[in-house]
Structures are given as structure tokens and as C-alpha cells.
Amino acid sequence: MIEVIDLVKKYGNHMAVDHLSFTVEKGKIYGFLGPNGAGKSTTMNIMTGYLGATAGKVLIDGHDILEEPETAKRSVGYLPEIPPLYTDMTVMEYLQFAAELKKIPKYEREEAIGQVIELAKLEDVENRLIKNLSKGYKQRVGLAQAVLGMPEIIILDEPTVGLDPKQIIEIRELIRNLSKQHTVILSSHILAEVREVCDYILIISKGKMVASDTPENLEKLWAGSVTIELEIRAKDKEALQVLDKLESVAEWSYKENAEGNLAVEVKVNGTEDIREELSLAFAEERCAILTMKKNQASLEQVFLELTEGNGAEDSEEDTDEEEMSLSDEMLLEGDVEEEDEAEGGEDDASDL
């Protein structure tokens, strides 16, 4: 559905995207993960035709996003990190304007707008000025315009940034609902968010792809040695000699804890789960195992392992993108910086 082929983007001497290639298949939620400044927003803006690439290409259903922009963009809905909202419009006025820009036929507009209002749960605020809505509702309005016209691909850049926990949960649920009919690409640097909603993860660091797989497979692939922590009630450390008899144990260490029990750490040969084997071995020695915990690489550890030392040196790509001048026709396909608003303009009744 989407092919990114040897993509390069430079800002002066800064390499924001470094020969990046990947494929997005239909019907999944993809997590685009990386540290701040890793090149995620730059890549997304090139994928949507909002930025030109220094080299390489992006194909959407076989159409080059820069050579055939109108055809390619019909399949894409885009929500930038800062939603492109006209805050002096009501929600309904804005979505009607968005429908015109997207060239949705007049006889289809009412139904199309009603569909996204229901999907984003905007019924209670559709006649209110956008500037008076909470950040959570503004994000919903941005999502509604991205989905308007039901494009096959929805690209979301940091969709939950700045939201409170309740709003984050509701936006995540909205994204799950979108995935039932759309392919979703979700950019984030929040690991919990990616693990929670994504089927497949693409990890980018310094503009390069460093890993791509399901969350489960990434954790298994980078698991390394498994360790098991035990708390054992034993008279002395001689009881631990049973560990030397087990071929599955690579090495072990222990210390006495405050309760007088032995806290043991066992490193396992390979990645097998040997907790049952340990239980039976200590049972034969008549030693009680009070607690047993298996430790394996988490997604957080995988992320740190892959991106260590490759964090953002600066956020040049983000700054350059936000300073670009856009026409109204590109409004719904790019990142438009929202006007500063006084916090007092939001009212409590509009909170999610």
C-alpha cells in the first residue's frame, strides 16, 4: 500500500532522513517510534507530499506522492502534531470547509461529515467555536478532518501529545476503531502508547531504520539471556549447590536479605523458561521457594538498546517544517501552526 524507497532529506548539513526504506501493508496499525528529533515528522511530511525529498521516493498504491500528488493524496488522511484548525470557525463550519478542500461531492458532504462527527464523538460540540474547545476536543476535530472522505490510510503524528490521561485513553480507543476500516500509521516517542495500540513497530534513529517487527517479536529477538529472581528459605547457601547440577543454568549469585532469606539471581542458558525445573530441583532439597520472577527484555529495553547514543542532537527538521509557508489548498495535508490561544478561553464543560 505504501512503499518508502531509499528516502533522503537534508537540511543544510543536517541529515534528517538517511536512506530510509520500508513498506506499509493494508489493515494494520503501524507504530513509527523514535527519540525526539529522529526524523519521524520529516518522514511523515514527505509521505503525505507536504515536503519534498532530497532523494528517494514514496509510492502510495503505486502512485509517486510528488509526481502524482492529487491521485496519491486521495488515499491519505493526515493529522499533524499541531492540528491545522481555523479556530474562529465552529466544528461544523470547519468540517464543511475541509470537505470542500477535499473535493467531496456536494451530495455526499452531509453524510460524510455526519459520519466523522459520530466517529470522533463530536455531536455535543459541533456548533461551538473551535477556539473554545479543550485540547482533547481540538485533537478530535483534527482526527475528524483527517478521516473525512474515508481515505484508506490515516497518518497521525504524535496524536496524544499534551493530552491528559483520560483524553489519551479516549484518543487511543478512537485510533483502534479507525483501524477496523483503515491502515493507520502512528508516530510517537511514547513506548506505552505504541505497545498499547500498534500491531507493528518501525524504530527510527537519526533518520535510519534500526528495527521493524511486532512488539512481541522485538522483545523476543532482543531478549538476550533470561534471568530469574528467587527468594528461598534455606538454612545455608549449601542448598544453592543444586543450581550447579542444572545444565540450563549459566551462572548464579545470591545475597541474604533483611528477612534472613536467600535472594538468588539465576542467569539462564538461552531463552527457555526454567521456573518449573527450578521448583522441582529445590523441592527435592526440601527448600521452600517464596517468590520467583522471570525477567526478559521489555520494549523499553529494546528501544534503549537500539537508539542509545542516537537521540536527537537537535530538532532542526521539526523547526524547519513548522516555519514553512502553506497555501489553503495544502492545509489539510500538512502541518499548520495553530495560533496562540489564552488558556482562559477553554471551558471546563468541553473537557473529555
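A short reminder: the numbers here are calculations on the coordinates, not readings from a lab. All figures in this text were calculated on a predicted structure; none of them were measured in a lab. Virtual Cβ from ideal backbone geometry, glycine too; neighbours counted across all protein chains shown.
Work out the FRET efficiency for Glu272 and Thr23 from their Cβ-Cβ distance, taking R0 = 35 Å, and round it to the nearest 0.05. About 0.55, to the nearest 0.05. Per-residue packing, averaged as other Cβ atoms within 10 Å, sorts the ranges 71-83, 6-18, 97-109 into the order 71-83, 6-18, 97-109, beginning with the highest.
Amide H contacts under 5 Å for Glu126: none, restricted to partners 5 or more places along the chain or on a different chain, H placed in the peptide plane at 1.01 Å from N.
Descending by average beta-carbon neighbour count within 10 Å, the peptides 50-57, 273-280 line up as 50-57, 273-280, the highest first.
For the range 224-296, the residue among Val268, Tyr254, Leu280 whose Cα projects farthest onto the positive side of the dipole built from Cβ charges is Tyr254.
Looking at this model, which pairs from Lys9/Lys121; Lys57/Lys102; Lys28/Lys293; Lys10/Lys73; Lys103/Lys208 are more than 29 angstrom apart at the alpha-carbon?
Beyond 29 Å: Lys9/Lys121; Lys28/Lys293; Lys103/Lys208.
Taking 0.36 nm per residue of separation and subtracting the Cα-Cα distance, full extension of the segment from Lys293 to Glu100 would add 63.7 nm. Using R0 = 45 Å, the C-beta based FRET efficiency linking Ala283 and Glu68 works out to 0.05. Cβ crowding within 10 Å ranks Asp61, Asp157, Asp124 as Asp124, Asp61, Asp157, fewest other Cβ atoms first. All distinct Cα pairs of the range 224-296 go into the 1/r average, and the inverse of that average, the Kirkwood radius, is 12.2 Å.
Residues whose amide H falls under 5 Å from that of Leu51, counting only those 5 or more places apart or on a different chain, are Ile46, with hydrogens built in the peptide plane. Along its first, second and third principal axes, ordered by size, the range 127-203 spans 37, 29, 17 Å in Cα coordinates. Averaging the Cα positions of each part gives two centres, and for the range 270-290 and the range 181-203 these lie 38 Å apart. Only the Cβ atoms of Lys and Arg (+1) and of Asp and Glu (-1) were treated as charged; on that basis the dipole of the range 157-223 about its Cα centre amounts to roughly 160 debye.
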